[in-house]
Amino acid sequence: MPTGFQAQLADRIAARLLDSPLAEALIERVLQALVRSAALEQLATHVVTELERSPAVDALVDRQVERVLRALEKSDVVAALVQEQASRYLAHLEEHPERIRGLVQGQSRSAARELTDGLRERALAADDAVDALVRRLLRRP
Amino acid sequence: MTPRYAGLVSRTGALLADVVVLAVLIALTQWVIQQIGRQILAGSFLDPGDCSRATEWWRIRTWLCRGLPWVGPVAAFSFPPIYRVAFWTVTGQTPGMALFGLRVLRADGRPVRLGVALRRVLGYVACLFTFGIGFLMVAASRQRRGLHDRIAGTVVVHDWLDPARSVAAVATPRAVSPLG
């Protein structure tokens with residue numbers, strides 16, 4: 001057991017060491033070495049992977065999400081917010097019906113175009129097939 | 001640059017689509033004219049107080065009675081050539097051809113004019129007289145030309161992939177061969 005004087009001496013030495021730039025440089029070098037160390041990186045990766053795979057963490061996250069969703073479902077504030085946004089959205093659509101009309105028309109137009117393109121491609125392929133058949137029958141090159 | 005000439009399947013598809021359009025047009029015309037005729041025959045368009053027209057009215061009534069059954073056959077015979085000539089001349093494609101992305105052009109790539117369109121319709125009649133063999137010539141020809149195309153000096157191309165390319169390609173000297 002150190003005596004009082006020895007303990008005081010050790011504390012003072014430690015304080016002096018900690019105050020000195022040498023100690024700072026030493027700590028910095030140690031930290032840098034730790035950051036660069038492959039072992040630490042492996043450890044961090046391992047911890048993250050384990051957390052990802054952990055059923056306990058999964059269950060915890062699920063429970064928390066479920067709790068938050070349940071709270072949101074019952075929340076009057078959220079209900080009011082959604083209602084207000086929906087009313088705003090509907091009002092905006094009423095004021096600018098041309099946008100939704102354009103959207104619907106665009107969708108129908110592209111569906112019709114897809115249909116006709118499919119029909120034309122099939123007809124084109126059938127034309128070539130009939131041509132090949134006739135050429136074979138007439139023994140043409 | 002070779003144009004994509006339309007083959008037998010595309011052209012038959014376009015023809016069938018046109019038959020459907022024509023059938024609807026003919027049926028609609030027949031129905032409208034018969035409805036109007038029946039209304040007139042029922043006397044609903046007559047003013048009973050206007051006796052001065054009565055003599056004329058009986059003549060019209062007799063004429064209508066005799067004429068109404070002919071509306072359907074007359075429309076069925078006259079609509080198809082009128083429909084084709086009008087569409088070929090104005091747009092270069094009938095609605096059925098537009099559905100399949102086909103366009104009829106003169107052999108030199110220029111658009112079809114009235115005279116060419118009339119010759120092409122006559123070519124259709126010629127094809128019917130050959131029991132359809134004139135149409136089947138499309139499958140045996142390099143430029144996929146039927147008898148009606150040879151009579152009118154026309155070709156039918158797929159213009160939905162690149163319309164400008166099809167027209168320009170037909171206009172090249174190689175494609176102007178009258179032998180098809």
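The values are calculated or read from the model by the stated rules, or taken from the named source; none is laboratory data. Small disclaimer: the values here were computed from a predicted structure and weren't measured. For neighbour counting, all protein chains shown are included, and Cβ atoms are generated from backbone atoms with ideal geometry for every residue, glycine included.
Here are some notes:
- Some residue of the range A:121-131 being surrounded by 10 or more Cβ atoms within 10 Å (Cβ to Cβ) and either more than 30 Å from residue B:96 (Cα to Cα) or touching a Cys at 6+ places or on another chain (Cβ under 8 Å) (or both): no
- Residues of the range B:145-162 satisfying the condition of being within 11 Å of chain A (Cβ to nearest Cβ) and part of a loop (DSSP other than H, G, I, E, B): B:159, B:160, B:161
- Among the candidates B:14, B:6, the residue that is closer than 30 Å to residue A:132 by Cβ, within 14 Å of chain A (Cβ to nearest Cβ), at pLDDT 90 or above and touching a Ser or Thr at 6+ places or on another chain (Cβ under 8 Å) is uniquely B:14.
- Scanning the range B:87-122 for residues that are assigned to a helix (DSSP H, G or I), touching a helix residue (DSSP H, G or I) at 6+ places or on another chain (Cβ under 7 Å) and within 14 Å of chain A (Cβ to nearest Cβ) yields B:95, B:96, B:97, B:99.
- Inside the range B:97-112, residues that are farther than 19 Å from residue B:8 by Cα and buried (at least 22 other Cβ atoms within 10 Å of the Cβ) make up a count of 1.
- All conditions but one from (1) within 14 Å of chain B (Cβ to nearest Cβ); (2) of a type outside the set (Lys, Arg); (3) within 30 Å of residue B:16 (Cβ to Cβ) apply to residue A:141; the one that does not is (3).
- Here is the figure for the range B:113-142: residues that are charged (D, E, K, R) and crowded, with 22+ Cβ neighbours inside 10 Å total 1.
- Filter result for residue B:64 (assigned to a helix (DSSP H, G or I), modelled with pLDDT of 90 or more and at negative phi): no
- Inside the range A:2-40, residues that are among the charged types (D, E, K, R) and modelled with pLDDT of 85 or more make up a count of 4.
- Hits in the range B:123-144 - residues which are over 20 Å from residue A:126 (Cβ atoms) and within 14 Å of another protein chain (Cβ to nearest Cβ): B:133
- Exactly one residue out of A:106, A:118 is surrounded by 10 or more Cβ atoms within 10 Å (Cβ to Cβ) and more than 14 Å from every other protein chain (Cβ to nearest Cβ): that is A:106.
- Within the range B:1-20, the set of residues being assigned to a helix (DSSP H, G or I) and surrounded by 15 or more Cβ atoms within 10 Å (Cβ to Cβ) comprises B:8, B:9, B:10, B:11, B:12, B:13, B:14, B:15, B:17, B:18.
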